[in-house]
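Step one of this worksheet: look at the structure below.
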Amino acid sequence: MASRASSQGLFFRLHIDLTLLLGLIALIAIGQVILYSASGENVALMQRQGIRLGIAFVVMIIIAQISPDAMRRWSPILFIIGSTMLVAVLLIGTKVLGAQRWLDLGFFRFQPSEMMKLAVPMMLAWYLSGGHIPPRNRHLIISLIILLLPVLLIAKQPDLGTSLLVSSAGLFVIFMAGVSWRLILGFAFAGIAFTIPMWLFLMRDYQRQRVLTMLNPESDPLGSGYHIIQSKIAIGSGGTFGKGWLNGTQSHLEFLPERHTDFIFSVFAEEFGFSGILLLLSIYLFIIFRGIYITTQAHGTFARLLGASIVLTFLVYIFVNIGMVSGILPVVGVPLPLVSYGGTSIVTLMAGFGILMSIHTHRKLLAH
Amino acid sequence: MVQKQHFKDHFIEQRIFHNRSLVALFFTVILFGILTFRLFVLQINNHEHFTTLSQNNRVSVQALPPTRGLIYDRNGIILAENLPSYTLQIIPEQTSDIDNLLNELSLLVNLRDIDIKKFRKEVRRKRRFEGIPLRFRLNDEEVAIISVNLHRLPGVEIKAQLSRFYPYGKETSHIVGYVGRINEKELKTLPVTNYSGTNHTGKLGIEKSYEALLHGQVGYQKVETNVRGRVLRVLERSNPVPGNDLYLNLDIKLQKVAIDAFADKRGALVAINPENGHVLAMVSMPDYDANLFVNGIDSKTYKALNTSWERPLYNRTILGGYPPGSTTKPFFALAGLETNTIQLDHEIFCPGYYQLKGKAHKYRDWKKWGHGKTDISKSIIQSCDVFYYDLAFQLGIDKMHQFMTSFGFGQRSGIDILGERSGLMPSKEWKKRVRKQVWFPGETVIAGIGQGYVLVTPLQLALGTATLANGGQHFKPQLVSAIQRKVDPVPRLVNPQMVRKIPIKRQENWNEVYHGMKSVIHSARGTARRLNKPDMRYEIAGKTGTAQVFSVAQDATYKEEELEERLKDHALFMAFAPVKNPKIAIAVVVENGGHGGSVAAPIAGKVIEAYLNQFSDEELNNPTPIPPEEPIRKTTPIPVVKPDSTASSQQKGHEDHPHG
């Protein structure tokens, strides 16, 4: 341990985990290369993204300085502020493209649902770490209420992608706290048992049609299916080595919609092929493994639960986004983490990694 | 809250956490495995397939708009059809400079500002590879000019399309209505996918209220195109489902007879089959050509139509509120009899005026020197006002309101086109609620001759007449008689809907009123005796009416010739025939026409004659047999589009229609 501490000494004292940092830098570097192509070589857009990344890095480093213990103490207050702002969004929020997600604070616009991606798992980790592990039934019920309240508020905006991410972040905390397998299976069966009669008796034809279209977008080629068809062509035509950087025909001829945000993976797959994808997935996997390692080494229940939830939510981002653009999952608005263009999600993600670094680097101090 | 801290078993906790971490690791590997497998299938296994689609050809998806359903009259004569026409359209994706292209095009063909404005609006909402129409109905010369220049006009194409056409555009404009290009407001309410290939939607009349049935279901085709967007091969095709055809109860020949009878007069006519509420003819004069609106009317023509004092755009049959005048007398006579307020032998003496007890005001009869002794029949035949002043006073306004409401007055009839007005049948409660005033007895008296607050639409008057004619069966008036889905072998009939059955207290009461109404035509002193011709195969029952457009000062006499045309009385007539087994009930209003008997009745007479001439003597004398149960099938009520402000938006200017 001594030699390791000396090699990482400086970073460790700065509360930065070098291994994780290297993984993130590799990912972001690749992301910038793809974005340059996907945005149609738009320099102004690259600059905006660069500024965001800079801010996100600063946020990550600042958060890494805060000890997990301090975070634990602040969790309930953060959660209450976040929930209050979610209610405020529904009442006085600003509408952009039909969804009411933004709170206008005068000098800048803020998306409270983004904050809840961290506030919800923090709150649940705070709550469950204070009690018996594995949690008792009544604690589970209260946890579910804590989780459901913000998720429903976000779903009402409507923002399906974020409410999916927030609810998985919360569920991961509960899962890691050791809720019994019997209960998990029980809920799964109850869910199925509830869905079948609802499908058969309660839903109307057009509602069923809408769900089917969401599950199988290709049945609606004039609507959402169009994106998927074009995305699959882009990915598939990439082949083993891709068409080369800046040479993707699907994306550059504007067949591919939203190609610098949610569908950026298709651009990457078209230009760099299966080999490029394996590299990208390896980097993602590297970051996730490092995250899981950090949480297993973590001290204290709160840190473990929160750390694991952050890592697993990152996994959900990746799986849902790539699953969606390759046509095996319904289209919900989830970006490819740290690659897609767009501000707030990058800051939240990096803040999450800041928490992981804090968990890892404050260990020794806690041990004293 | 569960706060610190029972004894925590750190060992168990550690073990649970490590177990769960292993599970998480396992899931991570599985999920990445799934993604890798999926991408392998797309990129390695199906690589060639997708490369073909991507590199040599491009795949695009084209919407195949459904063919709009046709509209026929009751005899199968087509009222709304789709004719091939040439449309000039631009595919934004294939042109780099749209402004320049529009300039080029405007040198070749005539482009109106409205065309360009609408085009630019649609550019914003459609996908870049979709063709966006710029000009409809190109003539042959324009098609030729553009075809010759096509090589230097990238993204421009001429498309053969179907365009809505109304062969009887003028005669049916108020009923069938028209389609027009989808506007911004409609964009928000119409289902996006189903209208992705559609440029037009119903704006008025049947075209609007039956939009959901007429439009059909969009289809699509996945096609391979070359670099210039030309279709090389259809990969996949899902055919559109054409809209339903509609059959109306309307008889276009009868409609034309009515329009000819009006000549250049203004007014409205509604003819209903009393046996089932079917609307046989529905005329609002003057009319206009619905075809003008299909591809965008130019603002000058529209302004002329919209601001004309004759109000051609105004559908008088459902929007016009007229004082019904004496046409209400048969209803009030029946009301008196059925409520036991008067008996069959009731008789008054008419001195030419009526006074309420203790009041000096004289309510005058149209006949200055009075009708003398007047019984029920005579009161209808000669239209004695004093008889009804007195009867109204005895009945009281609330009984009158109640009785008339059951015949459909003062209510929307529920006819299957939108925007209908409810008219007005006043009551004490109504005046308190709306006018915030108490009811005065004098207002009851003038309501007795259909003046004062009372307002009816021509549709309501026809419906009331039909209900009176058939012994109290109040039907919902129905324009659409049958719906033909393309998959069905025969059209499904729309069943008549009875709103209510008015109970008959004594048949003799009804017969007395029928007798009076018959004598209006078939007796020497009837107000509509000119309809009586020696060789008639049937008898008509009717009632004339003359509605004052403004009040005449007490004791003043006036000469009609001296009045400006627009201040002249409205002429009204309501009738049904044959008196036994009625087959047609009709209401006619001629605006500023003068006397009902001389102006409105002849129009009704011609329509009745034209309609009944198609029946044999035997059919005339017997009720129409109820058709056999097959192939009629029960239909569910038709989903009529909910009325909204767009339905009557173009009629906004007509709120201030003249009345009493």
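For the range B:278-321, the set of residues classified as among the polar types (S, T, N, Q) and in a helix (DSSP H, G or I) consists of B:Asn291, B:Ser299, B:Thr301, B:Asn306, B:Thr307, B:Thr317, listed by residue number.
The helices (runs of 4 or more DSSP H) found entirely in the range B:139-228 that carry 2 or more residues being of a type in the set (D, E, K, R) and under 15 Å from the mean Cα position of the chain (by Cα) are B:205-209.
Residue under question is B:Asn276, and the condition is that it be over 16 Å from B:Phe576 (Cβ atoms), surrounded by fewer than 24 Cβ atoms within 10 Å (Cβ to Cβ) and touching a strand residue (DSSP E or B) at 6+ places or on another chain (Cβ under 7 Å); does it hold? So B:Asn276 fails the test.
Going through the range B:199-221 one residue at a time, which ones are within 14 Å of chain A (Cβ to nearest Cβ) and buried (at least 19 other Cβ atoms within 10 Å of the Cβ)? The answer is B:Val218, B:Tyr220. Annotation note: of A:Ser237, A:Ser231, the sole residue that is more than 19 Å from A:Leu160 (Cβ to Cβ), modelled with pLDDT of 75 or more and among the polar types (S, T, N, Q) is A:Ser237.
Looking only at residues of the range A:324-342 that are of a type in the set (A, V, I, L, M) and part of a loop (DSSP other than H, G, I, E, B), we find that the one that is nearest to the other protein chains (Cβ to nearest Cβ) is A:Ile328.
Yes/no per residue for (1) among the hydrophobic types (A, V, I, L, M, F, W, C); (2) surrounded by fewer than 22 Cβ atoms within 10 Å (Cβ to Cβ); (3) in contact (Cβ under 8 Å) with a residue 40 or more places away in the chain; (4) closer than 30 Å to B:Ile98 by Cα:
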site: B:Ile146; (1), (2), (3), (4): yes, yes, yes, yes
site: B:His151; (1), (2), (3), (4): no, yes, no, yes
site: B:Gly155; (1), (2), (3), (4): no, yes, yes, yes
site: B:Ala160; (1), (2), (3), (4): yes, yes, yes, yes
site: B:Pro167; (1), (2), (3), (4): no, yes, yes, no
site: B:Lys170; (1), (2), (3), (4): no, yes, yes, no
site: B:His174; (1), (2), (3), (4): no, no, yes, no
site: B:Gly180; (1), (2), (3), (4): no, no, yes, yes
site: B:Asn183; (1), (2), (3), (4): no, yes, no, yes
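For the range A:120-137, a residue qualifies if it is surrounded by 18 or more Cβ atoms within 10 Å (Cβ to Cβ) and either assigned to a helix (DSSP H, G or I) or more than 10 Å from chain B (Cβ to nearest Cβ) (or both), and the qualifying residues are A:Val120, A:Pro121, A:Met122, A:Met123, A:Leu124, A:Ala125, A:Trp126, A:Tyr127, A:Leu128, A:Ser129.
Among the residues making up the range B:40-58, a single one is at pLDDT 90 or above and more than 7 Å from chain A (Cβ to nearest Cβ): B:Val41.
When the range B:89-103 is examined, which residues are found to be more than 14 Å from every other protein chain (Cβ to nearest Cβ) and surrounded by 14 or more Cβ atoms within 10 Å (Cβ to Cβ)? Listed by number, the residues that qualify are B:Gln89, B:Ile90, B:Ile98, B:Leu101, B:Leu102.
Within the range A:343-358, none of the residues are of a type in the set (Val, Ile, Thr), away from every other protein chain (no Cβ under 14 Å) and part of a loop (DSSP other than H, G, I, E, B).
For the range B:231-243, a residue qualifies if it is at pLDDT below 80 and either farther than 22 Å from B:Pro66 by Cα or crowded, with 17+ Cβ neighbours inside 10 Å (or both), and exactly one does: B:Leu232. Among the residues here, B:Leu424 does not qualify as out of contact with any Cys (no Cβ under 8 Å at 6 or more places or on another chain), surrounded by fewer than 24 Cβ atoms within 10 Å (Cβ to Cβ) and closer than 21 Å to B:Thr339 by Cβ.
Scanning the range B:16-39 for residues that are more than 7 Å from every other protein chain (Cβ to nearest Cβ) and closer than 19 Å to A:Phe265 by Cα returns B:Gly33, B:Ile34, B:Phe37. Of the residues making up the range B:563-619, those that are touching a helix residue (DSSP H, G or I) at 6+ places or on another chain (Cβ under 7 Å), of a type in the set (A, V, I, L, M, F, W, C) and in a helix (DSSP H, G or I) are B:Ala601, B:Ile603, B:Val607, B:Ala610, B:Leu612.
Of the numbered criteria (1) of a type in the set (Val, Ile, Thr); (2) assigned to a strand (DSSP E or B); (3) touching a Gly at 6+ places or on another chain (Cβ under 7 Å), the one B:Thr87 fails is (3). The number of residues in the range B:509-528 that are surrounded by fewer than 20 Cβ atoms within 10 Å (Cβ to Cβ), farther than 23 Å from B:Asn470 by Cβ and in contact (Cβ under 8 Å) with a residue 40 or more places away in the chain comes to 2.
Filtered by the rule that a residue be more than 12 Å from every other protein chain (Cβ to nearest Cβ) and at pLDDT 85 or above, the range A:138-161 gives A:Ile141, A:Leu144, A:Ile145, A:Leu147, A:Leu148, A:Leu149, A:Pro150, A:Val151, A:Leu152, A:Leu153, A:Ile154. In the range A:280-301, the qualifying residues are those that are in a helix (DSSP H, G or I) and over 20 Å from the mean Cα position of the chain (by Cα), and the one that is farthest from the other protein chains (Cβ to nearest Cβ) is A:Gln297. Taken together, the residues in the range B:477-505 that are within 18 Å of the chain's Cα centre (by Cα) and under 22 Å from B:Ile252 (Cβ atoms) amount to 9. Return a yes/no flag: does the range B:497-508 have any residue that is on the phi < 0 side of the Ramachandran plot and in a helix (DSSP H, G or I). So far as the range B:497-508 goes, yes, one or more of its residues are on the phi < 0 side of the Ramachandran plot and in a helix (DSSP H, G or I).
Residue check: A:Asn321 meets all listed conditions (1) assigned to a helix (DSSP H, G or I); (2) at the interface with chain B (Cβ under 8 Å from one of its Cβ atoms); (3) farther than 18 Å from B:Val23 by Cα but one, namely (2).
The values are calculated or read from the model by the stated rules, or taken from the named source; none is laboratory data. Note that this is a predicted model, so its numbers are computed, not measured. Glycine gets a Cβ as well: all are built from the backbone with ideal geometry, and neighbour counts include every protein chain shown.
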